[in-house]
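Since the structure comes first, as structure tokens, the remarks are kept for the end.
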Amino acid sequence: MSHETAGLTVMYQPKTGGRGAIMMIPANWHFAFTSLRDPSILARLGGDPNRTDQVAQDLMMDPNVTFRVAAWWFRGGAAIAGMKAPSNATACNDLAAVADGMGMNADRKVLATINECVAGNGDKDPGFDQRVALTGKVLRAVQAEVRNATATVVSSTATVSSTTNVAATATAKAAASGLGEQSSAIRADAGSWTSAVVGAVALAVVARDERAVIVIKNCGSAN
């Protein structure tokens with residue numbers, strides 16, 4: 001999208017009539033208008049999804065529509081509009097699945113396949129090198145966020161571990177006083193999970209394969 005729109009600053013291509021976040025040409029608009037299945041869109045079109053007049057043009061430039069159109073294109077819309085990738089017969093059915101195979105590097109082969117379903121010319125696109133560079137920039141930003149999240153997980157785990165030690169001491173004292181298991185509210189699970197239960201709220205910190213997820217959920221007990 002950044003390449004197509006110069007960083008979302010240009011949303012109209014006079015040469016082709018393309019508009020929106022992916023500069024979709026008018027011949028394909030009706031596929032999107034129909035596939036989104038949004039009554040409000042069809043209402044604005046007067047019930048005619050084949051329109052390419054000013055009303056349809058405004059729709060394609062509407063932020064509430066254009067980014068949904070872009071997402072639709074990447075999740076199967078390209079195939080619906082008739083795009084085919086010579087390098088991968090099913091790629092245009094779901095470009096998100098294709099992108100998942102890229103990992104954390106800007107793989108030119110994968111990006112070429114994706115571009116076959118976007119611009120239609122793969123790595124022969126004059127702007128392909130910029131597409132690769134922009135993708136690499138995004139992936140580096142994601143990696144930085146992952147590192148920050150991982151650092152947060154490590155810090156949170158250390159805090160939970162410290163709290164666990166305090167709880168263990170409290171539990172021992174409670175057991176001696178006859179309260180036993182009722183005071184055991186904090187525990188460390190096996191693997192890379194660390195859980196802390198305080199009252200009816202459970203905080204679980206998960207760190208696996210350079211990905212960090214923090215889950216907060218309500219629970220009725222410390223189980």
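The values are calculated or read from the model by the stated rules, or taken from the named source; none is laboratory data. These numbers come from a predicted model, not from an experiment. Cβ sites come from the backbone with ideal geometry, for glycine too, and all protein chains shown count toward neighbours.
The helices (runs of 4 or more DSSP H) found wholly in segment 1-108 and carrying at least 2 residues that are modelled with pLDDT of 95 or more occupy 29-35, 39-44, 54-61, 63-72. Screening residue 23 against (1) touching a Phe, Trp or Tyr at 6+ places or on another chain (Cβ under 9 Å); (2) at negative phi leaves a single unmet condition, (2).
Of all the listed residues (147, 131), the sole one being part of a helix (DSSP H, G or I) and surrounded by fewer than 13 Cβ atoms within 10 Å (Cβ to Cβ) is 147.
Do we have residue 140 as under 16 Å from residue 4 (Cβ atoms) and part of a helix (DSSP H, G or I) here? No; evaluated as a whole, the condition is false for this residue.
For (1) buried (at least 17 other Cβ atoms within 10 Å of the Cβ); (2) on the phi > 0 side of the Ramachandran plot, each residue gets a yes or a no:
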{"position": "6", "(1), (2)": "no, yes"}
{"position": "10", "(1), (2)": "no, no"}
{"position": "30", "(1), (2)": "yes, no"}
{"position": "33", "(1), (2)": "yes, no"}
{"position": "40", "(1), (2)": "no, no"}
{"position": "49", "(1), (2)": "yes, no"}
{"position": "61", "(1), (2)": "no, no"}
{"position": "82", "(1), (2)": "no, yes"}
{"position": "92", "(1), (2)": "yes, no"}
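Each residue in segment 109-127 was checked for being part of a helix (DSSP H, G or I), modelled with pLDDT under 90 and among the hydrophobic types (A, V, I, L, M, F, W, C), and 0 of them qualify.
For residue 18, the criteria (1) in contact (Cβ under 8 Å) with a residue 12 or more places away in the chain; (2) more than 22 Å from the chain's Cα centre (by Cα); (3) crowded, with 16+ Cβ neighbours inside 10 Å hold in every case but one, which is (1).
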